[in-house]
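S.K.: Got a structure for you, questions after.
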Amino acid sequence: MKPNDSFYKRNEGWILGSIALILVLAVWEFVWEMHWISPLFFSGPSAVAAKFKESLTEGTLLSDMAFSGRNFAVGFLLASAVGIILGILFGWYRWLRLLTNPFVNGLYAMPRIAMVPMIILWFGIGMKSKVYVVFLFAVFPILVNTIAGVKALDPDLLRAARAYCATDWQIFKTVALPGSVPFILTGISQGISLGLIGVVIGEMFGGSEGVGFMVAYGGQSFQTDTMFVGVIVISGAGILFTWLAERLERRFSRWKPEH
Amino acid sequence: MAIVGPSGCGKTSLLSIVAGLLPFEEGKVVIDGRPVHGPGIDRAVVFQHASLLPWRTVTGNVRYGMELQQRFDNATMKQRTEYFTKLVGLHGFERHFPSELSGGMQQRTNLARALAADPVVLLMDEPFAALDAQTREFMQAELLKIWAEARKTVLFITHQINEAVYLADRVAVLSSRPGRLKNVFQVPFGRPRTLSLKRDPKFLEIEDEIWKLIEEEERK
């Protein structure tokens, strides 16, 4: 991008994206105002905005967001810690990897949603089971990517470190960890998206709180505006977290050749 | 000391053994009267592939060998890093990442890392093999200049005979499998040497003699 490009050229993505968004919202609102859509099955932008404001002032939205947010945070941090530590161990020690391969691959390939009823059976419908559902959804991409990162380490670098009398701990600190960080971050970014799915699904299966519950309840009781508020909050969180993960990834790949 | 030999005779394996990176079955490797068991601070390797940490700058990479060996305190490491970065001609590139350097500059960093670790013997494993012909010639001349400053014993592995003769005082020729010592040539030229030496009739004579020996081996 050249600095003397016109304002339009520099912001083409933003401008066209916003125009499309506004256009779609305008048409949607028009159709809604004309009462061509039944509020039983769909909602309109103004109705969703009004509902959003209402649940915000009532405080129900905030408490739902806090409930889901806390479960997501705890489950996701647990998944990161377990995924990174086990991933490095499995990546480094071949025998450990071969030993655990059937479980890791089997669980990774399995649709994890199939395990949610069992988690609820084990941990009830309270906060604990929500955290485990998030954990289950987020841990595998982090684990699998970390293993791939450690396996992909350049053998030349390991040889060089050994030639300079590196201890195992030094090799871990100076070669293994920084070398697999880009992979770990890819895993984290995937873990975020899947963890968000996890938190919503966990609440849909049972319980009486949270944004996922809000969506499920809205749908079951024909409150389409409530449903849409939930959907928008979840997408917003997804966009925000993905953006943060991308920033983090860029911060750690300054040394890579220009992409 | 340079070692040449037909390809596949185990030049690189020999160097890895001296470096302590490969176990050996017979014989002994002795440096300054001490037998070698595994890698040690008395040796440093300049690898064929630069093997630089891609997430560290030139400074970070030059420092890396010393950092792992933990022989020097921080101030000494800093000072030695600066000194050897300048010595190999990388002044002004301290903050560059390896991906931003040419192949020749990466090898300079590789060399500076080894020199900074202050080894008794410097082990060089075909360090210029991956460079283009021009850069290689230039780096050979540079290496002689750097050597004149640093004055280290160097064990230099190469498959290029003229590189060996140009750089070394002694050239050892290995036989093809199994790689045994075939002959050692004394190189009669004094120092400093310039690139024009490569056109000297005496130089070509030695090169020819070594070449015949290797050719013989290859044909076996």
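S.K.: Semi-axes, largest first, in whole Å: what does sqrt of 5 times each Cα gyration tensor eigenvalue give for region A:155-259?
M.R.: Square roots of five times the eigenvalues give 45, 15, 7 Å.
S.K.: Based on the alpha carbon coordinates of region A:90-243, what radius of gyration and maximum Cα-Cα distance (Dmax) apply, in Å?
M.R.: According to the Cα coordinates of region A:90-243, Rg and Dmax are 20.0, 69 Å.
S.K.: Here's something else I'd like to know. Regarding chain B, what is the average projected area of its C-alpha convex hull, in nm²?
M.R.: For chain B, averaging the hull's shadow over all directions gives 12.6 nm².
S.K.: Would you tell me the mean number of C-beta atoms belonging to other protein chains that fall within 10 Å of each C-beta in A:163-172, as a whole number?
M.R.: 6
S.K.: Here's another thing I want to ask about it. Please give the calculated 222 nm ellipticity per residue for chain A, where each DSSP H segment of at least 4 residues contributes -39500 (n - 2.57) and the sum is spread over every residue; nearest 500 deg cm²/dmol?
M.R.: Helices in chain A give a 222 nm mean residue ellipticity of -26000 deg cm²/dmol.
S.K.: By counting other Cβ atoms within 10 Å of each Cβ, how are A:Val233, B:Val58 ranked from fewest to most?
M.R.: Least crowded to most crowded, the residues run A:Val233, B:Val58.
S.K.: I've got another one for you. Tell me the GluC sites (Glu not before Pro) within region A:165-246 that lie in a loop according to DSSP and have at most 15 other beta-carbon atoms within 10 Å.
M.R.: none
S.K.: What ranking do A:Ile15, B:Ile157 get, fewest neighbouring Cβ atoms within 10 angstrom at the top? Don't jump to the answer; show the numbers that get you there.
M.R.: Working: A:Ile15 13, B:Ile157 25.
Fewest-to-most Cβ neighbours within 10 Å comes out as A:Ile15, B:Ile157.
S.K.: Give the Rg/Rh ratio for the protein assembly as shown, taking Rg as the radius of gyration of the Cα atoms and Rh as the Kirkwood radius, to two decimals. The partial results should precede the final answer.
M.R.: Working: Rg = 32.1 Å, Rh = 27.6 Å.
We get a ratio of 1.16 for the protein assembly as shown.
S.K.: Indicate the gyration tensor shape class of region A:128-182 (rounded, prolate or oblate), computed on the Cα atoms with a ≥ b ≥ c the square roots of the eigenvalues: a/c under 1.5 is rounded; otherwise a/b larger than b/c is prolate and the rest oblate. Please report the intermediate quantities before stating the final value.
M.R.: Details: a/c = 5.14, a/b = 2.86, b/c = 1.80.
Because a/c hits 1.5 or more and a/b exceeds b/c, region A:128-182 counts as prolate.
S.K.: Would you mind checking which residues have amide H under 5 Å from B:Phe156's amide H? H placed 1.01 Å from N; only 5 or more apart, or other chain.
M.R.: Residues meeting the amide H criterion: B:Ala2, B:Ile3, B:Met124.
S.K.: With everything on Cα atoms, drop me the angle between helix B:58-69 and the longest principal axis of chain B, reported from 0 to 90° to the nearest 10.
M.R.: Compared with the principal axis, the helix lies near 80 degrees.
S.K.: Please state the relative contact order of region A:41-176 as a whole percent: Cα pairs under 8 Å, 6+ residues apart?
M.R.: Once normalised by length, the contact order is 33 percent.
S.K.: I would also like to ask the following. Could you rank the peptides A:120-127, A:178-185, A:93-100 by their average count of other C-beta atoms within 10 Å per residue, with the highest value first?
M.R.: So the order, starting with the most tightly packed, is A:178-185, A:120-127, A:93-100.
S.K.: In the protein assembly as shown, if the dipole is taken from +1 on Lys/Arg beta carbons and -1 on Asp/Glu beta carbons about the Cα centre, which of A:Phe76, B:Gly60, A:Ile120 is farthest to the positive end?
M.R.: B:Gly60
S.K.: I would also like to ask the following. Which part of region A:203-231 falls in the paramagnetic zone of A:Ser63, meaning amide N under 11 Å from the point 7 Å along Cα-to-beta-carbon?
M.R.: A:209-210
S.K.: Tell me whether chain A comes out rounded, prolate or oblate; compute the Cα gyration tensor, take square roots of the eigenvalues as a ≥ b ≥ c, and use a/c under 1.5 as the rounded threshold.
M.R.: Oblate, because a/c is 1.5 or more while a/b does not exceed b/c.
S.K.: Continuing with this model, one more query. Counting helices only, and only those DSSP H runs with n ≥ 4, report the 222 nm mean residue ellipticity of chain B as the sum of -39,500 (n - 2.57) divided by its residues, in deg cm²/dmol to the nearest 500.
M.R.: Here the helix-only value at 222 nm equals -13500 deg cm²/dmol.
S.K.: Would you mind calculating the gained length between A:His35 and A:Glu249 on full extension (0.36 nm times residue separation, minus the Cα-Cα distance), in nm to one decimal?
M.R.: Contour length minus Cα-Cα distance gives 72.4 nm.
S.K.: Same structure, new question: Kindly point out which whole DSSP H helices in chain A project their C-alpha atoms 15 angstrom or further along the helix axis while averaging a Kyte-Doolittle hydropathy of 0.0 or above.
M.R.: A:12-33, A:60-92, A:94-109, A:127-151, A:177-205, A:224-251
S.K.: Continuing with this model, one more query. Taking square-rooted eigenvalues a ≥ b ≥ c of the alpha carbon gyration tensor, is region A:197-239 rounded, prolate or oblate, where a/c under 1.5 means rounded and, failing that, a/b exceeding b/c means prolate?
M.R.: Details: a/c = 2.46, a/b = 1.10, b/c = 2.23.
It comes out oblate by the Cα gyration axes.
S.K.: I need to check one value: relative contact order of chain B, counting alpha carbon pairs closer than 8 Å and at least 6 residues apart, in percent.
M.R.: 30 percent
S.K.: So if the hydrodynamic radius of region A:68-155 is defined as the Kirkwood radius over C-alpha pairs, what does Stokes-Einstein give as its diffusion coefficient at 37 °C and 0.692 mPa s, in µm² per second? Display every interim value, and only then the final one.
M.R.: Working: Rh = 13.7 Å.
Translational D for this selection: 240 µm²/s.
S.K.: Greater than 29 Å separation of Cα atoms is the criterion. Which listed pairs, A:Lys53/A:Lys130; B:Lys11/B:Lys152; A:Lys173/B:Lys152; A:Lys173/B:Lys78; A:Lys256/B:Lys198; B:Lys152/B:Lys202, meet it? Walk me through the numbers on the way to the answer.
M.R.: Numbers: A:Lys53/A:Lys130 27 Å; B:Lys11/B:Lys152 20 Å; A:Lys173/B:Lys152 31 Å; A:Lys173/B:Lys78 20 Å; A:Lys256/B:Lys198 40 Å; B:Lys152/B:Lys202 26 Å.
Listed pairs above 29 Å: A:Lys173/B:Lys152; A:Lys256/B:Lys198.
S.K.: Give me the inter-chain shielding for B:44-54: mean count of other chain Cβ atoms within 10 Å, whole number please.
M.R.: Working: counts 3, 5, 2, 5, 1, 5, 2, 9, 4, 9, 8.
What the average comes to for B:44-54 is 5.
S.K.: Would you mind checking which residues have amide H under 5 Å from B:Lys182's amide H? H placed 1.01 Å from N; only 5 or more apart, or other chain.
M.R.: Excluding prolines and chain starts, which carry no amide H, the hits are B:Val173, B:Leu174, B:Ser175.
S.K.: Further question: Need one value for B:97-110: mean number of C-beta atoms belonging to other chains within 10 Å of its residues' C-beta atoms.
M.R.: Taking all residues of B:97-110 together, the mean is 1.
S.K.: Let me ask something else about it. Tell me which lysines have Cα within less than 21 Å of A:Lys51's Cα, excluding those fewer than 8 residues away on the same chain?
M.R.: Result set, ordered by chain and number: empty.
S.K.: Calculate log10 I(q)/I(0) of region A:5-123 for q = 0.11 Å⁻¹, where I(q) comes from the Debye formula with a single equal point scatterer on each Cα and nothing for solvent.
M.R.: The computed values of log10 I(q)/I(0) come out as -0.83.
S.K.: May I ask for the angle, rounded to the nearest 10°, between helix B:201-219 and the longest principal axis of chain B, with both axes built from Cα atoms and the value confined to 0 to 90°?
M.R.: Tilt relative to chain B: about 80 degrees.
S.K.: Separate question: How high is the relative contact order of region B:44-115, in percent, with contacts defined as C-alpha pairs under 8 Å that are six or more residues apart?
M.R.: Contact order relative to length: 52 percent.
S.K.: Hey, another quick one. Which angle between 0 and 90 degrees, to the nearest 10, do you get for helix B:74-87 versus the longest principal axis of chain B when only C-alpha atoms count?
M.R.: Orientation of helix B:74-87: about 50 degrees from the principal axis.
Rule-based calculations on the coordinates, nothing more; no lab input. This structure is a prediction, so every number in the text was calculated from the model and none was measured. Please note: Cβ atoms are built from the backbone with ideal geometry, for glycine as well, and neighbour counts cover all protein chains shown.
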